[in-house]
1. For segment B:127-180, name all the residues that are open to solvent by 50 Å² or more (accessible area, probe 1.4 Å) and at the interface with another protein chain (Cβ under 9 Å from one of its Cβ atoms).
2. Regarding A:Lys42, is this residue within 14 Å of chain B (Cβ to nearest Cβ), open to solvent by 50 Å² or more (accessible area, probe 1.4 Å) and part of a loop (DSSP other than H, G, I, E, B)?
3. Could you list, in sequence order, all residues of segment B:176-193 that are under 17 Å from B:Lys96 (Cα atoms) and outside any helix (DSSP H, G or I)?
4. Within segment A:93-101, is there a residue that is within 14 Å of another protein chain (Cβ to nearest Cβ), outside any strand (DSSP E or B) and within 17 Å of A:Val71 (Cβ to Cβ)?
5. What tally of residues in segment B:111-126 results from selecting those that are more than 9 Å from chain A (Cβ to nearest Cβ) and without any contact (Cβ under 8 Å) to a residue 60 or more places away in the chain?
6. Return a yes/no flag: does segment B:99-106 have any residue that is farther than 24 Å from A:Glu119 by Cα and out of contact with any strand residue (DSSP E or B) (no Cβ under 7 Å at 6 or more places or on another chain).
7. Which of the residues spanning segment B:37-54 are open to solvent by less than 40 Å² (accessible area, probe 1.4 Å) and touching a helix residue (DSSP H, G or I) at 6+ places or on another chain (Cβ under 9 Å)?
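The values are calculated or read from the model by the stated rules, or taken from the named source; none is laboratory data. This one's a predicted model, so the numbers in the text were calculated from it and none came from an experiment. Here the Cβ positions follow ideal geometry from the backbone for every residue, glycine too, while neighbour counts run over all protein chains shown. Side chains included, ligands, DNA and RNA excluded: accessible areas come from the protein's heavy atoms. Shrake-Rupley method; radii C 1.70, N 1.55, O 1.52, S 1.80 Å.
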Amino acid sequence: MKRLLAATLLILLAMPAAAHEIKVGDLSIVHPWARATAGAAKNGAVYMRIENQGDVDDQIVGMATAAAERVEMHTHIVENGTAMMRKVEAIDLPAHQAIKFKPGEFHIMLIGVDPPLMEYDTFKMTLVFAKAGSVEIEVYVEEAGATEPAH
Amino acid sequence: MRLRYISFGGLAVILFLALLVGVGWYRTNGEVAVGAPGIGGPFTLTDGDGRQVTDQTYRGKWLLVYFGYTYCPDACPTGLSNIAAALKQLGPDADKVQTLLITVDPERDTPALMKSYVAAFDSRFAGLSGTPEQIAAVAREYRVYYKRVGEGEDYIMDHSVVIYVMDPDGNYNTMLRHNSAPAEIAAALKKLL
């Protein structure tokens, strides 16, 4: 019991550090981040975790940002050591599950990033869900070589 | 007459056995090819400053050879980020390692673009481009697959995401994966350096 209390306390204490979380309906969008633009490259990717805490399945069906000319949702398949990136129109968000957009898996591709994303920048992006509606999130830009969000 | 039938039968059996052996040899060879010596070889490419480089240019260093392209938003930055983080973990030993990103998209990836792209991950990385023929040749040497997908300016490239580890004499040593954790890559390299 004491241990449980201590654990709960620890979790509560740790919570302010996990403040970069946006809620819309039963969905939580956790730590949306992108890598800084690598040199003169024009494209980038946005990553985040989306938790569906509700009892109803939802879907992410669209997104928009002024940070790039176009945005697309992509899945990333690796077969026999070959990476194949493919555009998807929607990604399922099953009830009581979390979907990770992370390097090497799902990502939101930014095509024609302008101006280049710099570390410590933030930019706004609107996400559209089939049931929960739309929400504006703030994406944090990490260094180009980031392997996970640092904030 | 009967003898002829027998010899036909015998011939059929021999042919059948030969086919089996052939298929077996082909399959074993196919499997062994992944991770076997014979990966890598001579190449001529262009570095970020427009200078011609060859496999000989990098003798004396352990090489991490990775194929990608700068239009790539996810797989290539992920591989390069993991390598960069691994090299940080290795400390001074990392100077014995030269990372080469060879483009599979020579049409769009100019030497200058490759230079600026790889420098964003680690100043020691080299980004190499070349003519479509030079790229095809080096990809063949490394048994790397790449294929253009889509039309117009915004095409993407399917491509192998294996990271080859070549020893200071230019011989194949082992391979890593682009999504291997930095600690895993660092541990694999530490054993070698």
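1. B:Tyr145, B:Tyr146, B:Lys147, B:Asp154, B:Met175, B:Arg177, B:Asn179, listed by residue number.
2. Criteria met by A:Lys42.
3. The answer is B:Leu193, and nothing else.
4. No.
5. Qualifying residue count for the region: 3.
6. No, there is no match, as no residue in segment B:99-106 is farther than 24 Å from A:Glu119 by Cα and out of contact with any strand residue (DSSP E or B) (no Cβ under 7 Å at 6 or more places or on another chain).
7. B:Ile39, B:Gly40, B:Gly41, B:Phe43, B:Leu45, B:Thr46, B:Asp47, B:Gly48
Here is a yes/no grid of residues against (1) surrounded by 15 or more Cβ atoms within 10 Å (Cβ to Cβ); (2) more than 13 Å from the chain's Cα centre (by Cα); (3) in a loop (DSSP other than H, G, I, E, B):
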{"position": "A:Gly112", "(1), (2), (3)": "no, yes, no"}
{"position": "A:Tyr120", "(1), (2), (3)": "no, yes, yes"}
{"position": "A:Met125", "(1), (2), (3)": "yes, no, no"}
{"position": "A:Ser134", "(1), (2), (3)": "no, yes, no"}
{"position": "A:Val139", "(1), (2), (3)": "yes, no, no"}
{"position": "A:Ala144", "(1), (2), (3)": "yes, yes, yes"}
